[in-house]
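A.B. asks: This is the structure, below, for whatever I ask next.
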Amino acid sequence: MILFSIGLLYAQANLDLALPDYLSDIVDTGIQQSGVENAVPEAIRQSELDRALIFMDTENQTLVLGNYTLVTENSTDYDSYVSKYPALANESIYVLDKIKRKEKDQLNQILVKPLVVVFTLEQALANPENATALFMLIGYNQSLGIDLFDYLQLMPSESRMLIVDGISANFESMGKTMLDQVAAIAVQLEYEKIGLDMDRLQTLYILKSGGLMLLMTLLSVVCTVAVSFLASRTAAGMARDIRYDLFEKVENFSNIEFDTFSTASLITRSTNDVTQIQMVIIMLIRMVFYAPILGIGGVVRALNKNTSMWWLIAVAVLVLLVLIIIVFFVALPKFTKMQTLTDRINLVARESLTGIMVIRAFNKEPFEEQRFDKANLDLTAVSLFLNRLMVILMPIMMLIMNGLSLAIIWIGSHQVADAAMQVGDMLAFLQYSMQIVMAFLMLTMMFIILPRAVVSGKRINEVLETKPIILDPDDPKIFPEPFKGTIEFRKVSFKYPGAKKDVLHTIDFTAAPGQTTAFIGATGSGKTTILNLMLRLYDVTSGSILVDGLDIRKVTQHSLHEKMGYVPQKSSLFSGTIRSNLLFADENATEEDLQSALDIAQATEFVSLNPDKIDSEIAQGGMNVSGGQKQRLSIARSLVKKPPIYILDDSVSALDFKTDAALRKALKEKTENSTVIMVSQRVSTIKEAEQIIVLDEGKIVGKGTHEELLDTCEIYTEIAVSQLELEGY
């Protein structure tokens, strides 16, 4: 599509560049020369052509006569010709045959000088008092009583050619187009003498040229629309691909990468920054590709019209280039700051909207308004600076354009007065100059938005070029079959990237299938970190984690996660329906599977109360259900997957004790052959577990059953006593 767009832009540029030429032709040929295009008359009196033949060699005479047909009163088509050329009633007329453009151009080169010479000599005969010098030059004396042209015919051919060259050189010295203009005047006078309707000839020429201009304009419009369509498709497609690549990249990020890029920043990079790139691509195709074609073509055509005023265009372009460079280097740092401030305002807005209930509860609305206002004002200040910079550009550019126009008209008018240039050529040069300046203005517009796009591109590239710390092995292993689900931690230690101290120290335990392994401990003791290591959201600093005897770093993340059903500490539901959220675990699950999962998770009761039941809507993040309902639906989702390993991260904290007990009982029956890893702050939730691991400051301080830990682990006893006091402990 880009290559096709460039082809259309080339066609559009040529169409646009052709318009000034046609305008020049309308002014010079259509108006000044009454529609006479060149020195090849479509009809000429026999006597007049005979005079012109005097100043040609034999070869050219034969060529000219071979392209004209002599019409006399005895010709078969005399009546049709005499109505068109009334002078035919008095003398014979030569009528031009139908010939090709190339042949007409050849005839023009042959006829232009002879016709000019004949015209000059006829004017001299009409005003002999002003032609004394000319008559002396050719040695003619009117008192001899011989016709001037009869006299010239008697002269040697070489002498006649010298006369032709002398008269032609005299006109050419006045301007390179002067000879053609005089030849056209000679043909125009000949048309008047043979009675040709000059008004009709002039009107037809103007209508023909104007019609071609209109046609080219329409074709240019078609090209413009087509390029705009293709540019939009290309830019939209590129933006789609970038967004997809960003999303795919972010999906592969571990928690380490998410610690580097904030959520607000990733959202801005995936939306606002991609939009900036999309705008630049549209501008790039529509303007940047078009501007050089238009500018170079304009320079070539303008110099063909007049080479003496090239410096005017050069000065205007130089001033524009200096202006563009200044703007670019001033604006680039500001655009960098602008995108950072956009991140900031997104962050503040997102935090305020997410925590709106907390803000209201603490009456902190004025504080949040002030915080948002500061972020908003900072962004506004940078935006105003950039807008003012761009606003200043336009008047300066218009001043350059108008100054260039004034200079061309001023200098060009003097050249027209000196017959060194035609009015139409001056107008065409003016238009070409405007097109050249417009080409640079297009580039200027590009440079206005380019700095921001450069910043956006760098920000997007930062994400795309980020190499995830956690990668799949080059030669991944496959879990043995049948898969059991035994998890073993061997001397595992871990510290977060950039941290100085380990948060886990020499963790050793084995979680067997058919058993529940529970973790309990104070906040920050490392419970969730252990689960993150199992899921390989982080890699261990030392030691190893084995699943069925295979180090999880030697298998793909996909095959590892395929064996696990995960319920996070903060339950997360997706916008859609209850059904779509359950099918997220297994899109091929049957109705019986879904209902069974809801029953075990103790979610059937509140689901059945909804009018749409399992097809009830779920808002973004599960905002339209309670915390306990979210947790139960999250547990149901993991049950639909039927994995051999269940990882439950404090997933019943929002449930009442009765529902918690019922859920644990049903879950025990469902997962009797699975490995269950559970984190909880409630002793009542984990006391039935076959293995309870007590953590304190990243170390295992107790391991065993509920009863064993009450006797052997002081920390567990303290927790149990504080929670189960009412139950007799």
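The values are calculated or read from the model by the stated rules, or taken from the named source; none is laboratory data. If you're wondering where the values come from, they're calculated on a predicted model, not measured in any experiment. Neighbour counts are summed over all protein chains in view; Cβ atoms, including those assigned to glycine, are modelled from backbone coordinates with ideal geometry.
A.B. asks: Does SER634 meet the test of being of a type in the set (Ser, Thr, Tyr), touching a strand residue (DSSP E or B) at 6+ places or on another chain (Cβ under 7 Å), surrounded by 22 or more Cβ atoms within 10 Å (Cβ to Cβ) and closer than 11 Å to THR685 by Cα?
C.D. replies: Taking the combined requirement at face value, the residue does not satisfy it.
A.B. asks: Okay, next question. Quick one: what pairs do we get from the stretch 70-96, first residue under 16 Å from LEU49 (Cβ atoms), second outside any loop (DSSP other than H, G, I, E, B) and aromatic (Phe, Trp, Tyr), C-beta under 7 Å, 6+ apart or different chains?
C.D. replies: From the stretch 70-96, the pairs are LEU70/TYR94; VAL71/TYR78; VAL71/TYR81; LEU88/TYR81; TYR94/TYR68; VAL95/TYR68; VAL95/TYR81; LEU96/TYR68.
A.B. asks: Report yes if GLU690 is at pLDDT 85 or above, at positive phi and in contact with a strand residue (DSSP E or B) (Cβ under 9 Å, 6 or more places away or on another chain), otherwise no.
C.D. replies: no
A.B. asks: Shifting gears a bit: Checking the condition in the same structural domain as THR705 (by TED's automatic domain parsing), within 43 Å of the chain's Cα centre (by Cα) and either touching a residue at least 12 places away in the same chain (Cβ under 8 Å) or surrounded by fewer than 16 Cβ atoms within 10 Å (Cβ to Cβ) (or both), which residue from ILE545, ILE578 passes?
C.D. replies: ILE578
A.B. asks: Does the stretch 419-426 contain any residue that is among the β-branched types (Val, Ile, Thr), in contact with a Leu (Cβ under 9 Å, 6 or more places away or on another chain) and assigned to a helix (DSSP H, G or I)?
C.D. replies: Within the stretch 419-426, none of the residues are among the β-branched types (Val, Ile, Thr), in contact with a Leu (Cβ under 9 Å, 6 or more places away or on another chain) and assigned to a helix (DSSP H, G or I).
A.B. asks: Would you call GLU481 in a loop (DSSP other than H, G, I, E, B) and more than 13 Å from SER542 (Cα to Cα)?
C.D. replies: Here the answer is yes, as GLU481 does meet what is asked.
A.B. asks: Can I ask one more? List the pairs whose first member sits in the stretch 141-158 and is surrounded by 10 or more Cβ atoms within 10 Å (Cβ to Cβ), whose second member is modelled with pLDDT under 80, and whose Cβ atoms are under 6 Å apart, counting only residues at least 6 apart or on separate chains?
C.D. replies: LEU148/TYR140; TYR151/TYR140
A.B. asks: Another one. Provide a single number: the residues in the stretch 186-200 that are part of a helix (DSSP H, G or I), hydrophobic (A, V, I, L, M, F, W, C) and crowded, with 18+ Cβ neighbours inside 10 Å.
C.D. replies: So the count comes out to 2.
A.B. asks: Another question, then. Within the stretch 658-673, does at least one residue satisfy the condition of being within 47 Å of the chain's Cα centre (by Cα), in the same structural domain as SER525 (by TED's automatic domain parsing) and either of a type outside the set (A, V, I, L, M, F, W, C) or over 21 Å from GLY622 (Cβ atoms) (or both)? Give the derivation first.
C.D. replies: Step one: of the stretch 658-673, the residues within 47 Å of the chain's Cα centre (by Cα) are none.
Within the stretch 658-673, none of the residues are within 47 Å of the chain's Cα centre (by Cα), in the same structural domain as SER525 (by TED's automatic domain parsing) and either of a type outside the set (A, V, I, L, M, F, W, C) or over 21 Å from GLY622 (Cβ atoms) (or both).
A.B. asks: Quick one: PRO497 ticks every box in (1) over 30 Å from ILE618 (Cβ atoms); (2) surrounded by 15 or more Cβ atoms within 10 Å (Cβ to Cβ) bar one, so which box is it?
C.D. replies: (2)
A.B. asks: Quick one: in the stretch 8-25, of everything that is modelled with pLDDT under 85 and touching a Ser or Thr at 6+ places or on another chain (Cβ under 6 Å), which residue is surrounded by the most Cβ atoms within 10 Å (Cβ to Cβ)?
C.D. replies: The qualifying residue surrounded by the most Cβ atoms within 10 Å (Cβ to Cβ) is ASP25.
A.B. asks: Residues THR263, THR268: which one is of a type in the set (S, T, N, Q) and exposed (fewer than 15 other Cβ atoms within 10 Å of the Cβ)?
C.D. replies: Answer to the selection: THR263.
A.B. asks: Does the stretch 152-163 contain at least one residue that is at pLDDT 80 or above, not in a helix (DSSP H, G or I) and not acidic (Asp, Glu)? Step through it out loud before you land on a result.
C.D. replies: Kept after step one, since they are at pLDDT 80 or above, are these residues of the stretch 152-163: 152-163.
Checking which are not in a helix (DSSP H, G or I) leaves us with 155-156.
Add one more test, that the residue is not acidic (Asp, Glu), and what stays is 155-156.
Checking the stretch 152-163: at least one residue is at pLDDT 80 or above, not in a helix (DSSP H, G or I) and not acidic (Asp, Glu).
A.B. asks: Same structure, new question: Since THR275 meets every condition but one in (1) within 25 Å of the chain's Cα centre (by Cα); (2) assigned by TED's automatic domain parsing to the domain that holds GLN435; (3) crowded, with 18+ Cβ neighbours inside 10 Å, which condition does it not meet?
C.D. replies: For THR275, the exception is condition (3).
A.B. asks: Would you point out which residue out of ASP660, ASP656, ASP612, ASP593 is surrounded by fewer than 22 Cβ atoms within 10 Å (Cβ to Cβ), at pLDDT 85 or above, out of contact with any Pro (no Cβ under 9 Å at 6 or more places or on another chain) and not β-branched (Val, Ile, Thr)? If you could, list the steps in order and put the result at the bottom.
C.D. replies: Working: ASP660 fails: at pLDDT 85 or above; ASP656 fails: at pLDDT 85 or above; ASP612 fails: at pLDDT 85 or above.
ASP593 is the lone residue from the list that is surrounded by fewer than 22 Cβ atoms within 10 Å (Cβ to Cβ), at pLDDT 85 or above, out of contact with any Pro (no Cβ under 9 Å at 6 or more places or on another chain) and not β-branched (Val, Ile, Thr).
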